[in-house]
Amino acid sequence: MNAPRKTSYTFVLTPPEQQRLLTLLRQGNYRPVAAPHTQAAVETTDCRVNLYTSGKCLVQGQGAEDWVLFHLEPEVLQRAATGYESALNPDRVQPHAGVDESGKGDFFGPLVIAAVYCDAALAAAFDKLGVRDSKSIGSDRKILALAAEIRGLVGRRMAEIKIGPRKYNELYAKMGNVNRMLAWGHARAIESVLEAAPDCPRAVADQFGPKQQIERALFQRGRKIILEQRPRAESDPAVAAASIMARAGFVQALAQFEARYQVPFPKGASAQVRAAAVALVRQHGPAVLLEVAKCHFRTTDEVLAGAGATRAELGPLGAARSQAQRPDFKRKQEDNR
C-alpha cells in the first residue's frame, strides 16, 4: 500500500534560494494572494506557496508534493531533498529526544516546555502526520489534533513542564533571567523522557543560550546524555513534535483562563493583548496579573498605567523587571562602552 502524499512542506531558504524562488514566482502562472509577513504568496490550481520574510518557504495543498519535486527542487534548491531526508541527515531518525518551548513571547499564559522521544519508526510516523514546527501551523484546532496523535504514538516517552504565571513570576524574581528558567525546564523535561526511555543517547534543542546552562541543570541520569543546541532545530522531527506538544499545552492553558474569567486571552504582546489586560485589571484588580501574565514584560507597566495602577500594587513578585527595564541598565551599558 502506498503512503499518503504529503500536503505540506516547509523549507528554510538561503538568500540566493529566496531570490531564485522570487524569480520563479514572478515568471510563472501564479495568482498572487495576500498573506502577512511574506515576501511573496501565490496560489496554483492545487497548492499555495508562501515565502516569509524570515526566509521560510511553506508549500501546502494537494499538489504540494509535485510542485516541490518539479519546481522547487530543480529550480530553487537545485538539489534533491524530498524523500531523501533520512539519507541527507541520518541523525534525524536515530534515537534521540527533542525539546522545545511555547509561551516565551506571550504576555498571557504559562511557559510550556515539552520533550519528545523519536526513533526511525516515530520519525516516519511524524512525517506521515505532517508534524512540523508549530509556528507554521496557524490553527489551534490543528495543533491540538496533532498533539493528541503524537501523544498516542510516543506514550510515556514524552514530558511536559508547564510553568504557570504565578510560578513563572516567582522563578523570575529569583533567577532574574528567562534563559535560566528555560534551561531549568529543558533539563526537567529531558530527565522525564529518560525515565521512560533510559537508553536515549542525545537530546536536540533550539539555540537560546549557552548549552552549559542546561547541562548544569541536569541531574545524574541526564548528565550521561549528549546535548545538541542548534538554530532552527524545529526541522528535526523530535523537536517539531515537542514544539507542537508545548504549543498545545499553552493553547489549553489560555482556554482554561478564558473559561475562568469569561474574557478572551489573546496571544502575543500586541495592543489587543494590552487592551484585554487593562480590562481584566479594572475588573479584578492589579493582582490578577500575577495569576495570568508574565509580569517582567514591559507590557505590565503599560497595562498598569492604562488601568490607573502601579507595580507597587503587585507586591514583591511584580517588582521584578526585565534587565532592559531596570533603572541602572542604561548606565551600565554606557559604562561598558
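Taken as a whole, the stretch 206-213 holds no residue that is over 18 Å from the mean Cα position of the chain (by Cα), surrounded by fewer than 18 Cβ atoms within 10 Å (Cβ to Cβ), part of a loop (DSSP other than H, G, I, E, B) and at pLDDT 90 or above. If you go through the stretch 130-166 and keep only what is in a helix (DSSP H, G or I) and under 15 Å from C118 (Cα atoms), you end up with A147, E149, I150, R151, G152, L153, V154. H296 meets each of the listed conditions (1) out of contact with any Lys or Arg (no Cβ under 6 Å at 6 or more places or on another chain); (2) in a loop (DSSP other than H, G, I, E, B); (3) in contact (Cβ under 8 Å) with a residue 40 or more places away in the chain apart from (1). Of all residue pairs spaced 6 or more apart or on separate chains, those with beta-carbon atoms under 8 Å, a first member in the stretch 301-318 that is assigned by TED's automatic domain parsing to the domain that holds G285 and a second member that is of a type in the set (D, E) are L304/E313; R311/D301; L317/E170.
Being without any contact (Cβ under 8 Å) to a residue 60 or more places away in the chain and touching a Leu at 6+ places or on another chain (Cβ under 6 Å) is the requirement here; does K211 meet it? In short, yes. Do we have any residue at all in the stretch 169-192 that's farther than 30 Å from A287 by Cβ, in contact with a Lys or Arg (Cβ under 8 Å, 6 or more places away or on another chain) and surrounded by fewer than 24 Cβ atoms within 10 Å (Cβ to Cβ)? The answer is yes, given that some residue of the stretch 169-192 is farther than 30 Å from A287 by Cβ, in contact with a Lys or Arg (Cβ under 8 Å, 6 or more places away or on another chain) and surrounded by fewer than 24 Cβ atoms within 10 Å (Cβ to Cβ).
Residues of the stretch 188-203 that are touching an Asp or Glu at 6+ places or on another chain (Cβ under 8 Å) and not in a strand (DSSP E or B): A189 alone. Does K104 fit the bill of being under 30 Å from H296 (Cα atoms), in contact (Cβ under 8 Å) with a residue 60 or more places away in the chain, in the same structural domain as A196 (by TED's automatic domain parsing) and part of a strand (DSSP E or B)? So K104 does not fit the description; no. Quick check on the stretch 6-44: of everything there that is closer than 18 Å to L69 by Cβ and in contact with a Lys or Arg (Cβ under 9 Å, 6 or more places away or on another chain), which residue is modelled with the highest pLDDT? It comes out as V42. Small (G, A, S), outside any helix (DSSP H, G or I) and in contact with a helix residue (DSSP H, G or I) (Cβ under 6 Å, 6 or more places away or on another chain), is that true of A269? Considered against the rule, which asks whether it is small (G, A, S), outside any helix (DSSP H, G or I) and in contact with a helix residue (DSSP H, G or I) (Cβ under 6 Å, 6 or more places away or on another chain), A269 comes out as yes. For D91, indicate whether it is at pLDDT below 90 and under 30 Å from T299 (Cα atoms). So D91 fails the test.
Looking across the stretch 268-321, the residues that are among the basic types (K, R) and modelled with pLDDT under 95 come down to R298, R311, R321.
The values are calculated or read from the model by the stated rules, or taken from the named source; none is laboratory data. As the structure is a computational prediction, the values presented were derived from the model and not from experiment. Here the Cβ is made from the backbone with ideal geometry for all residues, glycine too, and neighbour counts use every protein chain on show.
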